[in-house]
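Remarks on the structure that follows.
What follows is calculated from the coordinates using simple rules that are stated; it is not laboratory data. Quick caveat, the model's predicted, so the values are computed rather than measured. Neighbour counts run over all protein chains shown; Cβ positions are idealised from the backbone, glycine included.
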Amino acid sequence: MSEGVGTQELIEFYFVTGNDQKMEEANAALGQYDIHVSKLEEFQKLEIQSNDLEEIASTALALVLQRTAKPVFVEDSGLFVHELNGFPGPYSSFVYETLGVEGILKLLDSAKSRKAEFRSSVAFGMDGKAVANFSSATEGVIQLQGRGEKGFGFDPIFVPMWTQKTFAEMELKEKTIYSHRSKALSKLALWFLNESKKGIPKESKPQST
């Protein structure tokens, strides 16, 4: 693949994640570009403690690339609530498991603003080397109570801008339009397809976009 990928060839990326719903979202996002995503079953994503999503994703990817040359990516994301100074941010999974949706709603009981954003950072590598990082965000507001049963995590309380639905009320196809994760993965897909025409560069220091 380092010699260039033809537009008619099957492109397959590998995703290191234990979250099946993230897998579905990744396939929905990348499938628009004829890229199929498979789970890298033999790996577990290892997360460092950091306030920087890109650093978390890049560090996890570096560990994976020590053991595979496949085109692989890892993704880290979080809900950043403005009134809470960005909390829970990179610690969203832990906070969801410990405080849950109701815990965040309680913290916002007397909040003047309920603005928030979901952020995503995707780190991609191949041939055993980190190649590029892609980040994106979706702005929105936190609802007074949860709505919807789809999605996962804090999806029931987050309504992205330009819509009235929470992520948990959206079908996958609709969520893909607004999702922070889908936006970051679309950046990866467009970059990969463009670079494949001239041969993927093997950089010692990955680029970010």
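Assorted remarks:
- Highest-first packing order for the peptide set 34-41, 89-96, 152-159 is 152-159, 89-96, 34-41, based on the mean count of other beta carbon atoms within 10 Å.
- Ordering of 166-172, 10-16 by burial proxy (mean other Cβ atoms within 10 Å per residue, highest first): 166-172, 10-16
- Largest first and in whole Å, the equivalent-ellipsoid semi-axes of the chain read 31, 18, 14, each the square root of five times a Cα gyration tensor eigenvalue.
- Links that overshoot a 21 Å alpha carbon limit, given the list Lys22/Lys175; Lys39/Lys197; Lys22/Lys106; Lys175/Lys197; Lys129/Lys187: Lys39/Lys197; Lys22/Lys106; Lys175/Lys197
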